[in-house]
Structures are given as C-alpha cells and as structure tokens.
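See below for the structure under consideration.
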Amino acid sequence: MDNQKPPPSMKMSRLPVPPSRKRALSDENQELAAAPVKPQLGKRLKVSPVRVAASIATSRPRVAPAVALPKPQVIGRQSLQVMQTRNRMNTTASTKPKVTAAAPAATSAPGKKRAAWDLKGQVTDMKDKVSYYKGQVQSLSEEKARLQSTTGQLQAQMQDLSQRNEDLSQQNEDLSRQLHSMETKLLSEQRKLLDSEREVQRLTALSQKQESELVAEKSLVQELRTTGDSMAQQLKDKEGRLICLEDEKSRLQTIVSEKSEEIIDLKERITQQDTQIYNLETERRRLHNTVQELKGNIRVFCRVRPTLPTEKASSAGHIVFPPSDEKAIVLTKMEESHVGRDKGQTVKYDFNFDCIFSPAASQADVFEEISLLVQSALDGYPVCIFAYGQTGSGKTYTMEGPEHLSMDTMGMIPRAIRQIFASADELKCKGWQYKFTASFLEIYNETLRDLLINRPDKKLEYDIRKVSSSSNDVHVTNLRYVEVSSVEEVHELLRTAKTNRSVAKTALNDRSSRSHSVFQLKIEGENSIRDVRTSSVLSLIDLAGSERLDRSLSTGDRLKETQSINTSLSTLGMVITSLCNKDSHIPYRNSKLTYLLQNSLGGNSKVLMFVNISPLEENFAESVNSLRFASKVNECVIGTARANRK
C-alpha cells in the first residue's frame, strides 16, 4: 500500500512552486513529489475517494458473527437435518456483503477542486485517504481471522453431532428389538396370568375369611399386650418411685439428723449470744449511767432565744458567747456614773453551765444534748427535765414547739417520745416488752387541773397521794392516765393539752403561760427471758414564767397568778438547795409542784434544767436573776442515781 501510486487526480502540477512552499513540505510529501508521474493520455480521469472506498468495501464479503451453539442433545435424524438446513441458511445470510460506511469526506468542500499549485493540500488529502484505507484493511483482516476461527469451531461441532446421531440411531434399533422380544414374553405371561387369576380368586376368598379371623385375634392379642405393657410399665414406675422414695427417705433422715445437730448447736450459740448481749446491754447501761454521773445528776443548759421580727430594734449586744469557752456566757451592761455626767463603767456577769445554746441553735441541736438522758428513762432511771426562765424567754417553744409543728420545729417533749418508742422497738428483739402510761396536768394557783379532759368536772378533786404505805411513788387521784402504744397517740394527747392550758396576756408577754404544765410518761419494762423488770417516770415540765411584780404591772387575778408562780418557783429553789446541802428535811410539801416531783428531784433521779433568757436588753435584770438561780442549781450535787430494777 505504501508503494501504491497516487491516482491521476493527485498528479503534481507543473507550475513553478515558490521557494517558501518548497521548504514547507515534509519529508513524506517530498518523497511523493519526487515519484515519477506517468504521462496522461487523453482526457484526465476523475476518481472520487468515496467511490474507491465503497468499491473496496463491497469487494470483500462480510461474514456474520459466530452464534453460540447450545449444548449437545440427543436428537433424531429429522431434527439433525433441520438443524443443518438452518445453519446453511444462517451462513448464507451472514456472507452477504454489507455496505460499509463511506470514506471520510475530503478536507475540501464537495465539488471544490484544489488549485493545481496547492500541492500541500493535495498531499494532505492523499495521506488522509491512505490512513483510512489502512484502517479498513486492518479491520477486514481481523474480521477474516475471527470468521475462520468460528468456521473451524462449527465444523468440529458438526462432526461431533454427526457421530452422536449415529450412536443414537444404533441405540434406537437395539431398543426396538428388545421391545419386540418383551412384547412376545408379555403375551405368554398374560395367558399364564389368566389361569392364575381364577386360582387367586378362590384363594382370596379363603384368605379374606382367614384374615378377618386373624384381625380379630390380633386385636385381642394387641389389647392384651397393651394391657400387659401398661401394667408392666406401671409396676416399673412404682418400683422406680419406691426406690426414689427410699433414697429420698434416707437422704432426708440424714439431713434431719444433721439439722438436728445444727439446731442444737445454734441453740447453744443463741443462748451464749443472748447471755453475751445481755451482759453487753448491762455494761452499756452501766457505762451510760457512769457518763451521766460524770456529767452530773443535776445538769443545767442555758438557751438564748432569737429576736423576733418585731424586736429587731432592740439590740442583743449585751450577751456575749466567748469563742474560747463553749460553756460560758457573759452579760455586759454600761452602768451610769453616780456623779451624773461622767461615763459609767462596763459591768460583766460571767456564767458557766453544762451547755450553752446561742440563738442560732435549732431544736434538733438542743435535743441531741439531752437524748442520752432520755435513754436513761428507758433503762429504769427516773428523769426530770424542766424549763425555767422569765415569761417570754422561749420555755414553751423549747419544750413543746410552736402552734404548727413540723419535723424541724417540734420541741423536746415530742422528740423525747419519738426516741422512747423507737428505742423500745429496737429492744423487742432482745426480749424486752414495754408498757407506757401518759398523763398531762397543770398547776394553776396551787390547784391541779387535768389537761386531757376538755370539760373538767368541778366536783372532782385532784390530790397528790402515795400509791401505798410501803412505796414512795405518788399519783394524783381522779387524774386521767392513758395507756399509749404509738407516737401518734401521744401527739394527739399533746394537742388536747395545749388547747386546755391556762394562758393570759401580761405587760411582758401577749400569751404568757400562767401555770406549770407537767407531762409524765410512766415506763414499765419486762424481759421475760432474763426475768428482769424496770419501772421509771419521765417528767417533762414547762414552768410558768417568772417575773417581778413591779415590771409585770399585774393586778387582780394576774397579780394572784404572779404571786403563786413566784412562790412555787422559790419553793423549787429551796428544795434543790436542801438536796444539795443534804438536809434531813426537804420541803417538798411547801408546793404542789415539788410535792408531785419529789421522786424525780431526789438522789435516785437525773435532773436537767433549761434556763431560758431573752435577748432583749430591757430584760437584762431578769436574765441575770435567772442565770444566778441556774448557777446555784448547777453547783448542787444530789448523789448517785439508781435504777429501779427488780
């Protein structure tokens, strides 16, 4: 193809070429230009590149692409002939020439002839045609190779199928001969079968009769066998259960013997632990009592109430709590000079008590200090806790709480009741059973009143008497003693007593308690395991407010109430002083209050006194008097308390 001469249309022009165009020709174009050109005779032939490409494309037949053949199958002669006919038709159809795409158009527009001098353009057109022809030749060569490969495969498949067809034809002839022989045998067998059928019918009738009898016998045998199997299985199950029960019995007997020994061992250990617990409880009570004795059988706590919103104008700077001593309280006052105009001197009054509570102390903080003393009442010691102080100093708030109680504001009485019942429940597991009896009365103008009765009978008289001639215990005649078993029952009694208590308005307090209220809880304990019994009385007392007549401005009934209150408080001080001095005669009978509390103030009891003072500077004198009385009580030693145990 590379040596093919260019067609006549590509003949070089004889016109002179400018030097610049000669230099611009490539090497290939120079070779074409240098090729000899045959002289053309006659008229120049005009050959279109499109026609040349079409003639080349139609000169070579196109073969259809190979068709994927199905897998070989067992076919007959007619089917094989049909397949061969179809393959010849497909091959003929695929060999028909197809018109290929026309050669690419020349770079120049159709019908436009290049100038004779445009050798470079003519050379470019010839190069494009040569490249196109080369591509066509390459594609036709590849197609020819592919068709030759496909033809070889088809011929191999045709030979294989022909061989298989011959084998199948031979097999078909063999099977036909076998079928004919089998049909002959079948006819002879059918004749024999007809003879046999008559015999079979006779034997069938006999067999059916015997089968019916056999079925009946088999059903009977099956029932008997089923019954026997069931009985055997039941017997086997019974034997298995019996063996299991015997094993279980022996195992249980072993367990019972082991548990019996373990129970005996546990009983011995429980007895030892009960003895140990009892000894530890006894030791706890002894140590607890020792701690209380070290603190003193008469203890004094001082509490300063906070200022009320209406009292903020008054200053509480005269009360000082030394940071170095938690048990000290100092009251200071500026005294005026006797000359008149000179500055007075600051006078200090120092007091020391077992515990000091500032205005910031809560009810829970106060009760935490007396909780051990309340526990002593459950251990069998008589305990007496009373609040002393001038009217309006917070005694009732300390002992009972405000009008509307809450867990934070409830006073010493409801808190003590809660602790008593909680401790009693804990001691139940140790064999202790407790009985509680409550009473609530007031002493008004040296007259006893029952606060648990809403409408008291004026005909009833309340006298303090001894229980018996051989006992020092006292009781109040006609007083209501209520047996209680829960905290809620006691709280209900406290609410009833609070509504019945005598209060009145004075110059120092809008709601002043004009009587001594005495709440007593008798505690009786019994431990049947140890054969131990205890008996004690917890007395919680809210004393009436002390006040001077010149400041209270009392007249009439208020004057009589004030005189009676001051007399009973003076008697209480005399009794405590006599106990401290260990006098032979203690003036209990000089007052109903001391006579009622004679067993709670003696040497066998534990006494705690709250001295409440006001934070107002105008009550300075009353606060000093209360603290002085409390100091005298704090100095008393009444002896060692003893538990009431039998």
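From the list LYS606, LYS592, LYS646, pick out the single residue that is open to solvent by 10 Å² or more (accessible area, probe 1.4 Å), in contact with a Leu (Cβ under 8 Å, 6 or more places away or on another chain) and either modelled with pLDDT under 90 or charged (D, E, K, R) (or both). So that I can check it myself, show each step before the final result.
Values: LYS606 fails: open to solvent by 10 Å² or more (accessible area, probe 1.4 Å); LYS646 fails: in contact with a Leu (Cβ under 8 Å, 6 or more places away or on another chain).
Just one listed residue meets the conditions, LYS592.
Residue pairs whose Cβ atoms lie under 6 Å apart, sitting 6 or more positions apart in sequence or on different chains, and linking a residue in region 397-419 that is free of Cβ contacts under 8 Å to residues at least 40 places away in the same chain to a partner that is among the small types (Gly, Ala, Ser) and open to solvent by less than 10 Å² (accessible area, probe 1.4 Å), are GLY401/GLY411. Candidates ASP354, ASP379, ASP350: the one that is acidic (Asp, Glu) and modelled with pLDDT of 90 or more is ASP350. The criterion of at least 2 residues that are free of Cβ contacts under 8 Å to residues at least 12 places away in the same chain is met by the following helices (runs of 4 or more DSSP H) wholly inside region 557-615: 557-581.
So which of LEU161, LEU69, LEU140, LEU147 is part of a helix (DSSP H, G or I), within 30 Å of GLU173 (Cβ to Cβ) and either modelled with pLDDT of 90 or more or not polar (S, T, N, Q) (or both)? LEU161 is the lone residue from the list that is part of a helix (DSSP H, G or I), within 30 Å of GLU173 (Cβ to Cβ) and either modelled with pLDDT of 90 or more or not polar (S, T, N, Q) (or both).
Return yes or no: is GLU223 of a type in the set (Asp, Glu), at pLDDT 90 or above, open to solvent by less than 80 Å² (accessible area, probe 1.4 Å) and assigned to a helix (DSSP H, G or I)?
In short, no.
Condition test on GLY394, is it in contact with a Gly (Cβ under 8 Å, 6 or more places away or on another chain) and either open to solvent by 30 Å² or more (accessible area, probe 1.4 Å) or not aliphatic (A, V, I, L, M) (or both)? No, not satisfied. Please tell me if ASN478 is open to solvent by 40 Å² or more (accessible area, probe 1.4 Å), more than 58 Å from the chain's Cα centre (by Cα) and modelled with pLDDT of 90 or more. Answer is yes for this residue. Looking across region 428-456, the residues that are surrounded by 14 or more Cβ atoms within 10 Å (Cβ to Cβ) and free of Cβ contacts under 8 Å to residues at least 60 places away in the same chain come down to ASP450, LEU452, ILE453, PRO456.
State all residues of region 466-475 that are open to solvent by 60 Å² or more (accessible area, probe 1.4 Å) and either more than 24 Å from ARG501 (Cβ to Cβ) or modelled with pLDDT of 90 or more (or both); if no residue qualifies, say none. Before the answer, list the steps.
Within region 466-475, the first condition is being open to solvent by 60 Å² or more (accessible area, probe 1.4 Å), and the residues that meet it are 466-467, 469-470, 472-473, 475.
Within region 466-475, LYS466, VAL467, SER469, SER470, ASN472, ASP473 meet the criteria.
Hey, can you tell me all the residues within region 114-128 that are assigned to a helix (DSSP H, G or I) and either open to solvent by less than 40 Å² (accessible area, probe 1.4 Å) or among the aliphatic types (A, V, I, L, M) (or both)?
Of region 114-128, the ones assigned to a helix (DSSP H, G or I) are 119-128.
Hits for region 114-128 are LEU119, GLY121, GLN122, VAL123, ASP125, MET126.
Kindly indicate the residue of region 274-308 that is over 17 Å from ASP379 (Cα atoms) and modelled with pLDDT under 80 and also surrounded by the fewest Cβ atoms within 10 Å (Cβ to Cβ) among those meeting that condition. Taking the candidates together, the pick is LEU294. Would you check if SER230 is small (Gly, Ala, Ser), in contact (Cβ under 8 Å) with a residue 24 or more places away in the chain, over 30 Å from ARG530 (Cα atoms) and open to solvent by less than 100 Å² (accessible area, probe 1.4 Å)? When the stated conditions are applied, SER230 does not pass them. Number of residues in region 355-390 that are touching a strand residue (DSSP E or B) at 6+ places or on another chain (Cβ under 8 Å), open to solvent by 10 Å² or more (accessible area, probe 1.4 Å) and closer than 27 Å to ASN599 by Cα equals 5.
The values are calculated or read from the model by the stated rules, or taken from the named source; none is laboratory data. Source: prediction; values computed, not measured. Positions of Cβ are backbone-derived with ideal geometry, glycine not excepted, and every protein chain shown enters the neighbour counts. Note: areas computed on protein heavy atoms with side chains; ligands, DNA, RNA excluded. Shrake-Rupley method; radii C 1.70, N 1.55, O 1.52, S 1.80 Å.
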